[in-house]
Every structure is written in C-alpha cells, then in structure tokens.
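*Asks:* Please find one structure pasted underneath; my questions will follow.
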Amino acid sequence: MGVSFLMPGYFVFIVMSLFQNFFGSSNMAAFNAYVGELGSDQNGMIRGYSRMRIGINVGWAAGPLIGGILIGYFGFKNTWIISGVIVLASSVLFLFLKAKQRFYSNLDLSTFKDLDYLKKISPFVLIYAFIAQFGLTLTIYETVNMNVPVSLYGLIYLLNGAIVALFQMPMAKMLYNKNIVRWIEYGIILYIVGFFVYAFGGLIYALLGTCITTLGENIVSPLSMTFANLLSKEEKRGSYLGVFGMLSSSSRSLGSLYGSFLLSKFTNPFEIWSSADLLGALSIFYFSLINRQKRSF
C-alpha cells in the first residue's frame, strides 16, 4: 500500500489494494496449513488455531490505535509507507520457521476434484454467510436503524476482542476431545441466540448479544479450521485449506449481500434477525445432514 502513495492516483491505489488482498488471502492459507502441521492432532489444532485467533484479534485491536497515532505524527502517506516496511521486516521472521518441504510444492488443482472433501465443507457456505451478519449487517442495523452513536458502536468490537482475548484459550481447552461436528452446531446455536437479542434494540442489548455471539465465535472459529484440516490430505494440506479459505471468503461476501437485502426488505428488527437466524438454522441442518457420519470426529 505504501507504493500507492509513492505513485499517487486512484488506479494505482485500487491495483495495490487488490494486490494486497490477494496476497493477504494467500498468506492465510499458508498460515493455516502451518498451524495445522504444528498441531498434528485434533487437540493440538484447536489449541494452535485458538492462539492464532487471539493474535489476530489483538492485532486488529492494536492496529487502528497505533495507526491513528502514526497518522497524527506522520500523516497518511508516511503511515502507509511505514506499515509496508514493518510488514516487509516481519517477513524475515518466517525464514526461521521450519515446516515440511511438501507444503512448498506447486499449486495442486486436484483438490477441486476431491468431491468428498468439497461435499463435506459445502455447509460452510451457509455457516460463513450466516456468521457474516456480525459485520456490515450489524453495523448498519445498530448505527442507522437503532441510532446507536458511531462513537459508542466501537464498544461492540472492543467487547468482542476482549472476550476473545480472555476466554478463547479456556474455551479451547473445554473443546479438547469433543465431537467437532456437534460442537460447531452448538456454536452456531449461540450465534442464533445472540443475533436474536440484537432485535430488542439499543446499546445494552447490542452488548449482551455480542457477548453471546462471541462465545459462539470462540467455538466455531477454531473448530472450523480443525474440521477442514482433519478432512484434508496431509501432503496437500496447503491446497485443501486454500480451497476452504476461498469458500469462506466468498461466503462472507454472500452473507453481506444477504444482510443488505434483509435491511432493505424489513424495518421490524425481529423480522430482520429472525430471517438472519433462519439462515443459521438451515446451516445447522445441512451441516448435520452432510457430516452425520463424521459425528465421531
């Protein structure tokens, strides 16, 4: 992104944004594969993805704060350049990581021919579209429909980050040796309850709903990646998780589109969130139906 400010212009900025998003998504597939390798078994993966999630949330929380300070001192242009240099410098750390050589092989498109894998992860299209309502849909609903001040709306994400940081690891330990399919379903149920609480309106219910929703997030997030890992072929883990990452990203985009439709279609809060929860209920049914033989995971 620093390059876009060295060569100003909307076109350059758009191209560099696409460039950043592309390689950011590519890196996540590599990170997920590496964590899966280090985990080696179900409990290790749950532990690894939980720790990774805490780090990501701390970064998301600290990033805007540090960015705001840098912008205040150096302005937008220099802040982007500084950020680019920091990211480049941090990449040196990866030279010291050790991973099995097979994860550095060329792109393997045979993953798209593994119909059994694609079938078993297909319910995550609905799952990620559903949980994406905790994003753009919630933001517009609270600030526009419920008139929650933007200055206070940040408390929702602050609470979300705090619950992740404080309770992710204790909840991860609770999930050790548990049935992954069943507990993903339990996590989605918490999402459903939390989303319905938002329908009562106001900041207090928004914070209460976020507490419940984030507990569901603490369950679904690490278990989803563990589930995808356990289904993948070990020697092609990077390719399999790349496909899973592509599915989750595109599904979140569909979820935002669905949420926008609900906000434009309904004005009654209970109609909005009941319709959102319907998607959650369908995702549980489909996930259970497709993976019923995997309930012994």
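*Asks:* Give the residues of region 137-167 that are of a type outside the set (S, T, N, Q) and touching a Gly at 6+ places or on another chain (Cβ under 6 Å), sorted by residue number.
*Replies:* Listed by number, the list holds a single entry, 146.
Residue by residue, here is whether (1) among the hydrophobic types (A, V, I, L, M, F, W, C); (2) within 16 Å of residue 184 (Cβ to Cβ) holds:
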residue: 212; (1), (2): yes, no
residue: 217; (1), (2): no, yes
residue: 269; (1), (2): no, no
residue: 276; (1), (2): yes, no
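*Asks:* In region 144-163, which residue that is polar (S, T, N, Q) and touching a Ser or Thr at 6+ places or on another chain (Cβ under 9 Å) is surrounded by the most Cβ atoms within 10 Å (Cβ to Cβ)?
*Replies:* Here the residue is 160.
*Asks:* Output the residues belonging to region 265-293 that are part of a helix (DSSP H, G or I), among the polar types (S, T, N, Q) and at pLDDT 95 or above.
*Replies:* The answer is 274, 275, 283.
*Asks:* Evaluate region 40-54: report whether one residue or more is modelled with pLDDT under 80 and either under 30 Å from residue 226 (Cα atoms) or crowded, with 17+ Cβ neighbours inside 10 Å (or both).
*Replies:* Within region 40-54, one or more residues are modelled with pLDDT under 80 and either under 30 Å from residue 226 (Cα atoms) or crowded, with 17+ Cβ neighbours inside 10 Å (or both).
*Asks:* A follow-up question, please. If you go through region 252-259 one residue at a time, do you hit one that is in a helix (DSSP H, G or I), among the hydroxyl-bearing types (Ser, Thr, Tyr) and either at pLDDT below 95 or in contact with a Cys (Cβ under 7 Å, 6 or more places away or on another chain) (or both)?
*Replies:* yes
*Asks:* Now for a different question. Somewhere in region 231-238, is a residue among the hydrophobic types (A, V, I, L, M, F, W, C), more than 16 Å from residue 145 (Cβ to Cβ) and part of a helix (DSSP H, G or I)?
*Replies:* Yes, some residue in region 231-238 is among the hydrophobic types (A, V, I, L, M, F, W, C), more than 16 Å from residue 145 (Cβ to Cβ) and part of a helix (DSSP H, G or I).
*Asks:* Okay, next question. Which residues, counting only those in region 254-268, are in contact (Cβ under 8 Å) with a residue 12 or more places away in the chain and surrounded by 13 or more Cβ atoms within 10 Å (Cβ to Cβ)?
*Replies:* Passing the criteria: 254, 255, 256, 258, 259, 260, 262, 263.
*Asks:* What tally of residues in region 87-121 results from selecting those that are at pLDDT 80 or above, surrounded by 12 or more Cβ atoms within 10 Å (Cβ to Cβ) and not basic (Lys, Arg)?
*Replies:* 4
*Asks:* Which condition number in (1) crowded, with 17+ Cβ neighbours inside 10 Å; (2) under 24 Å from residue 41 (Cβ atoms); (3) not aliphatic (A, V, I, L, M) is the one that residue 234 fails?
*Replies:* That leaves (1) as the condition not met.
*Asks:* Still on this structure, I have one more. I'd like the full set of residues that are buried (at least 16 other Cβ atoms within 10 Å of the Cβ) and among the small types (Gly, Ala, Ser), limited to region 164-208.
*Replies:* Hits for region 164-208 are 172, 187, 194, 199, 201, 206.
*Asks:* Starting from region 149-173, take each residue that is in contact (Cβ under 8 Å) with a residue 12 or more places away in the chain and list its partners that are charged (D, E, K, R) and surrounded by fewer than 18 Cβ atoms within 10 Å (Cβ to Cβ), counting only C-beta distances under 9 angstrom and pairs at least six apart or across chains.
*Replies:* Qualifying pairs under 9 Å: 168/51; 169/51; 172/51.
*Asks:* Might you let me know whether region 146-166 holds any residue that is under 30 Å from residue 203 (Cα atoms) and touching a Phe, Trp or Tyr at 6+ places or on another chain (Cβ under 6 Å)?
*Replies:* Among the residues of region 146-166, not one is under 30 Å from residue 203 (Cα atoms) and touching a Phe, Trp or Tyr at 6+ places or on another chain (Cβ under 6 Å), which makes the answer no.
The values are calculated or read from the model by the stated rules, or taken from the named source; none is laboratory data. Remember, it's a predicted structure, so these values are computed and weren't measured experimentally. Neighbour counts run over all protein chains shown; Cβ positions are idealised from the backbone, glycine included.
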